[in-house]
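Note sheet for the following structure.
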Amino acid sequence: MGVGIVGAGLMGREIATAIQRWPALIEHPVSPRVTAIADINPAALDWFDQLGTVTTKATDYRDLLAAPDVDVVYIAVRHDLHEQFCIDSVRAGKDLLAEKPFGIDAVASTRIIEEIDEHPGVFVRVSSEMPFFPGAQKVLALLRSGALGQIIEARNSFLHSSDLNVDKPINWKRQRQFCGAAGVMNDLGMHALHVPLRLGWHPTRVFATLQNLVPTRPGPDGDRVECDTFENAVLVNEVEGEHGPFPLYVEVKRIAPGHKNTWSLRVEGMQGAVEFSTRNPKAVRVLTTASQPSLGQLAGEQLWQRADAGSQSVWPTVTGPIFESGFSDAILQMLAAFFAERAGLLGDRFGCATPQEARTTHDIFAAALRSHELGVAIASPASKAA
C-alpha cells in the first residue's frame, strides 16, 4: 500500500516513522510503505531518503497526487490549505487521512465533505491520535459498558505550554488568515472532542471563555506584530445524556503552565468515576465504592483505585503488555485503525475521527466564538448531528 505524505514537517515525519515500525503490529491485514513526499521546501524532503521506499519527491503536491504508486495520502499543512489540498486528493481518487481541523472553518469542511460525497469510493478519515493511548481505550470501554450509571459531568482537555514564552516568534497558528478565527480550537479541539462525539455526546448549548493572552509577538524582522487568534479556550457544553443533561467541559490551551503536552479525560457518574491523563500514561484511575469486609471501617467508602494500562491498544503489538506506551505508539495505533477500517476489517475497534465528526467540531467552535462575543450560552447546531 503506497502512502504519500504532503507536508514534511513534524507530523509528516511522525507518520513516516510510524509506518517504518509497522512490523510491531501483529497480523495486520495491510502493509503500507511511504512512496512519495511533497513539501514546498526542497531541503525538507531529504530526511525521507533514509526510508529507502520513496520514489517521488516533489515541491508541488499535485505531482504527488499524480504518482501511480500512491494509494493513500496523508495531508499535514496549514489550515487555510486544507480545503484545496483535500479536495484535490479526493478528485485524484486517493484515499485520505487528513489533519484536523479538516478545513479552516465550517464552510471549508462542508465543501470537502461534499466532494467526498461525489466520490463514494474514496475512504477519508481525520487524524486524532491521543485517544489511541491504551489508558484512553480502557476508559472508553468502561464508559461504553454503562458501569458509571447516570453521567454527572465529563471533562476532556488538551493542554500544552508551547506559547508560554512571550518572546516566541509569531507563527501561522497565531494568525487568523492561516489558522482560522477559532484559533486554538482549530489547532487542538479535535483532540478534546473526538471521544465525546464518538460517545454520542453532542452539545446542545455552548458557553465559552476564549483568551488572547499574548496579543503581539516578534515578527520576521524582530518588530512585534499582532496575534489575532486565541491561545486558550474553555468550553462548558450542555449535553443531553440518556438520563438527563450534564456538563461537558472542554479545555484546549497553548498556554497551560506545567503542561508539556497533556491529553486527559475524566468522567463522573452516579456509580463511580474514571480518569486518564497522558501525564501518567500507564495509570487509569477508577472510583468505586468499597464493599470488602477486610477494609474494616473503610467498607462502603468511596475509594480511588489505580490500574496500569500497559502497552496494548486498538491493534495488538509485539510489545509486552506490561510495558508503557507513548505518543509514537498512539500514532502507530491510529494508522493501524485507519488502514484496517479502510480494508473493512476494523470490526468494533475504535476508529479514527470521521469527516462528519470533524465538521461537527466546527459547529461547536462557531458556537463558542459567538458565546465569547456575546457572553451568553449559544445553542449549538452540533446537537442535530446526534
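The values are calculated or read from the model by the stated rules, or taken from the named source; none is laboratory data. All of these numbers come straight from a predicted model, not from anything done at the bench. Don't worry about glycine lacking a Cβ; one is built from the backbone with ideal geometry, like all the others, and counts go over all protein chains shown. These accessible areas exclude ligands, DNA and RNA; they are computed on the full protein's heavy atoms, side chains included. Shrake-Rupley method; radii C 1.70, N 1.55, O 1.52, S 1.80 Å.
At a glance:
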item: So residue 273, is it among the small types (Gly, Ala, Ser), modelled with pLDDT of 95 or more, buried (at least 16 other Cβ atoms within 10 Å of the Cβ) and not in a strand (DSSP E or B); result: no
item: Scan of region 44-69 for residues that are over 28 Å from residue 186 (Cα atoms) and of a type in the set (A, V, I, L, M), ordered by number; result: 51, 54, 66, 67
item: Residue in region 315-325 that is loosely packed, with under 14 Cβ neighbours inside 10 Å, out of contact with any Pro (no Cβ under 9 Å at 6 or more places or on another chain), touching a residue at least 24 places away in the same chain (Cβ under 8 Å) and not in a loop (DSSP other than H, G, I, E, B) present; result: no
item: Residue match in region 123-144 (condition: open to solvent by 50 Å² or more (accessible area, probe 1.4 Å), over 21 Å from the mean Cα position of the chain (by Cα) and not aromatic (Phe, Trp, Tyr)); result: no
item: Residues being buried (at least 16 other Cβ atoms within 10 Å of the Cβ) and among the charged types (D, E, K, R) - total across region 200-239; result: 4
item: Any hit, region 151-160, residues being touching a residue at least 12 places away in the same chain (Cβ under 8 Å), among the polar types (S, T, N, Q) and surrounded by fewer than 19 Cβ atoms within 10 Å (Cβ to Cβ); result: no
item: Some residue of region 82-96 being among the hydrophobic types (A, V, I, L, M, F, W, C) and in contact with a Lys or Arg (Cβ under 6 Å, 6 or more places away or on another chain); result: no
item: Selection count where residues are assigned to a loop (DSSP other than H, G, I, E, B) and touching a strand residue (DSSP E or B) at 6+ places or on another chain (Cβ under 7 Å), scope region 352-382; result: 4
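Table: residues versus (1) within 25 Å of residue 348 (Cα to Cα); (2) aliphatic (A, V, I, L, M).
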residue	(1), (2)
66	no, yes
72	yes, yes
76	no, yes
84	no, no
88	no, no
91	no, no
107	no, yes
114	no, no
118	no, no
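Listed here are the residues, each with its yes/no results for (1) open to solvent by less than 60 Å² (accessible area, probe 1.4 Å); (2) in contact (Cβ under 8 Å) with a residue 60 or more places away in the chain; (3) closer than 25 Å to residue 139 by Cβ; (4) assigned to a loop (DSSP other than H, G, I, E, B).
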residue: 173; (1), (2), (3), (4): yes, yes, no, no
residue: 189; (1), (2), (3), (4): yes, yes, yes, no
residue: 248; (1), (2), (3), (4): yes, yes, yes, no
residue: 252; (1), (2), (3), (4): yes, yes, yes, no
residue: 259; (1), (2), (3), (4): yes, yes, yes, yes
residue: 268; (1), (2), (3), (4): yes, yes, yes, no
